[in-house]
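Notes follow the structure.
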Amino acid sequence: MTFNNYIDGRWVPSRGGAVFENRNPADQTDLIGTFQESTPEDAADAVAAASRAYASWRLVPAPKRAEILFRAAALIAARKEEFARDMTREMGKVLEETRGDVQEAIDMTYFMAGEGRRLYGQTVPSELRNKFAMSVRQPVGVCAVITPWNFPMAIPSWKIIPALVCGNTVVFKPATLTPLSAVNFVGVLEEAGVPPGVVNLVTGGADVGTALTTHPDVSVVSFTGSTAVGRLVNQNAASAFKKVHLEMGGKNVVMIMDDAQLELAVDGCLWGGFGTTGQRCTAASRVVVHEQVYEDFVEAFVERTRALRVGNGLDPGVQMGPSVSDAQVATVGRYVEIGRQEGARLLTGGRRLCDGAYARGFFHEPTIFGDVQPAMAVAQEEIFGPVVSVMRCRSLDEAIAIGNGVTYGLSASIYTRDVNKAFTAMRDMYTGIFYVNAPTIGAEVHLPFGGTKATGNGHREAGVAALDVFSEWKSIYVDFSGRLQRAQIDTE
Ligand code: UN1
């Protein structure tokens, strides 16, 4: 089956006529469909449609825009199972997790639709008589939304839904590995009654992204992906002063203190490190353990990791699916080799799985390195695969120093029963997200999501904070005195 772009309310093929295949990463013989390999001209068509639609969409009252979004949320909920199955088939994570991904899109859509009756600004007293002062959020224009493959419906919803509720229009370019979830999501928006041109979908590769990030009629770019690509997006958008929101890499740490509940910490590290096959920007790819409990923790963590069932995410009982692509599983293999050469101790895993049905997909054993030094590449660089690096520490201070000692700053966590330690870490970890007695993954939609340093560029998505990306403040003064009043000059 061939899937089209969605431009100006119509499902249309690319002008260039080229398509690409989407195959199941658990089974490369399973062809999901072909999708449009779009050109910069298709991107320009979509921007033109979005620009035209903006003229009317921005004037639709926000509660009315929200009514459409509430309908969309209900439609996604009704199709949750179908969308989750499509998602597991196209990107591999287990069904329980793809259900969670769709649920996150439902949650975000309901949450942001609720903003249609809020979008709060401020009213403040004026310093002058008979004068009224307030601030309102205004939409910005056409938003380019460029999303990754690891959360194929959740992350698009984090961007598209707040953009829409604020009164913007959207051109959406999903990752080439997960176009079906994008088609499913946009299809629901169409069915819910989003008018033609308000949301446009253009599938394809980097040249579509470049066309969008450099297009003069695009006002906002919201991107989630690698730090390397995020840098390019930022550079492309800089000269025209577009608003740019970037959500990039992570090298998140779990810190386990000597008073931690070890079984709980092991549960957390398994879920945080190997959930989504380690392919979350929030993945717990580093674990720093107090030397007093290091051996006990490692023993239990390795044992539980060895017992993880790896396979096709659609099969019941499977706990970890494949890596998303050949390139991704090759990266995992490369880092395993680097870790070995650096002198990290391979405690379990370390091999690509190739026997039997595994040969048809991109499977890798869940892998743990022990005795890792903080400066090693496996402790510094984002691998985006099922590889966890375990380090020792002697104190909370040392754990925090190791934790902060990477270029990224997305998420961190501590396992401890000592409230003083928990609050100290909460204050001193320079990340955008922090957990106590829970792993580094599992952010909820109604709080800000994002990170410091090379993870982001100061913006946040999700929560009310997302509105700051997709709207601009306008301060309004209404003088009803009937005379000229001069601020800072007239005192009476
Ligand atoms: C991501 O890894 O890109 O907090 C997003 C979490 C999820 C979202 C992750 N709710 O792990």
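The values are calculated or read from the model by the stated rules, or taken from the named source; none is laboratory data. Keep in mind the model is a prediction, meaning the values are calculated, not measured. So basically every Cβ, Gly included, is an ideal-geometry build from the backbone, and we count neighbours across all protein chains shown.
Overview of results
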item: The stretch 449-462 - residue that is assigned to a loop (DSSP other than H, G, I, E, B) and within 12 Å of the ligand (Cβ to nearest atom) and, of those, nearest to residue 166 (Cα to Cα); result: 462
item: Total residues in the stretch 21-67, condition touching a strand residue (DSSP E or B) at 6+ places or on another chain (Cβ under 6 Å), basic (Lys, Arg) and more than 22 Å from residue 10 (Cα to Cα); result: 1
item: Positions within the stretch 240-249 being out of contact with any helix residue (DSSP H, G or I) (no Cβ under 7 Å at 6 or more places or on another chain) and not in a strand (DSSP E or B), in sequence order; result: 240, 241, 242
item: Qualifying residues in the stretch 85-99 (those that are within 16 Å of the ligand (Cβ to nearest atom) and in contact (Cβ under 8 Å) with a residue 12 or more places away in the chain) - the one nearest to residue 73 (Cα to Cα); result: 99
item: Members of the stretch 349-366 found to be in a strand (DSSP E or B), in contact with a Phe, Trp or Tyr (Cβ under 9 Å, 6 or more places away or on another chain) and not aliphatic (A, V, I, L, M), listed by number; result: 352
item: Enumeration of residues in the stretch 413-468 that are among the polar types (S, T, N, Q), at positive phi and in contact with a helix residue (DSSP H, G or I) (Cβ under 6 Å, 6 or more places away or on another chain); result: none
item: Residues of the stretch 60-72 satisfying the condition of being surrounded by 22 or more Cβ atoms within 10 Å (Cβ to Cβ) and out of contact with any Leu (no Cβ under 8 Å at 6 or more places or on another chain); result: 66
item: Selected residue (criterion: farthest from residue 176 (Cα to Cα)) from residues of the stretch 110-150 that are within 16 Å of the ligand (Cβ to nearest atom) and in contact with a strand residue (DSSP E or B) (Cβ under 8 Å, 6 or more places away or on another chain); result: 145
item: Total residues in the stretch 270-312, condition over 20 Å from the mean Cα position of the chain (by Cα) and either among the aliphatic types (A, V, I, L, M) or within 16 Å of the ligand (Cβ to nearest atom) (or both); result: 11
item: Test set (1) part of a loop (DSSP other than H, G, I, E, B); (2) in contact with a Phe, Trp or Tyr (Cβ under 7 Å, 6 or more places away or on another chain); (3) farther than 28 Å from residue 456 by Cα - residue 346 fails condition number; result: (1)
item: Pick from the stretch 250-259, criterion part of a loop (DSSP other than H, G, I, E, B) and crowded, with 24+ Cβ neighbours inside 10 Å, ranking: farthest from the ligand (Cβ to nearest atom); result: 251
item: Qualifying position, being of a type in the set (Asp, Glu) and in the same structural domain as residue 276 (by TED's automatic domain parsing), among 468, 397, 490; result: 397
item: Some residue of the stretch 357-369 being within 30 Å of residue 423 (Cα to Cα) and over 26 Å from the mean Cα position of the chain (by Cα); result: yes
item: Residue identified as farther than 22 Å from residue 293 by Cα and buried (at least 19 other Cβ atoms within 10 Å of the Cβ) among 385, 356, 370, 333; result: 385
item: The stretch 151-185, subset among the β-branched types (Val, Ile, Thr) and crowded, with 23+ Cβ neighbours inside 10 Å, residue farthest from the ligand (Cβ to nearest atom); result: 169
item: Pairs, first in contact (Cβ under 8 Å) with a residue 60 or more places away in the chain and more than 19 Å from residue 403 (Cβ to Cβ) in the stretch 246-272, second within 12 Å of the ligand (Cβ to nearest atom) and part of a helix (DSSP H, G or I), C-beta under 9 Å, six or more apart; result: 247/155; 247/158
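Matching residues to (1) crowded, with 24+ Cβ neighbours inside 10 Å; (2) among the β-branched types (Val, Ile, Thr); (3) outside any helix (DSSP H, G or I):
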{"site": "270", "(1), (2), (3)": "no, no, no"}
{"site": "287", "(1), (2), (3)": "yes, yes, yes"}
{"site": "294", "(1), (2), (3)": "no, no, no"}
{"site": "303", "(1), (2), (3)": "no, no, no"}
{"site": "315", "(1), (2), (3)": "no, no, yes"}
{"site": "329", "(1), (2), (3)": "no, yes, no"}
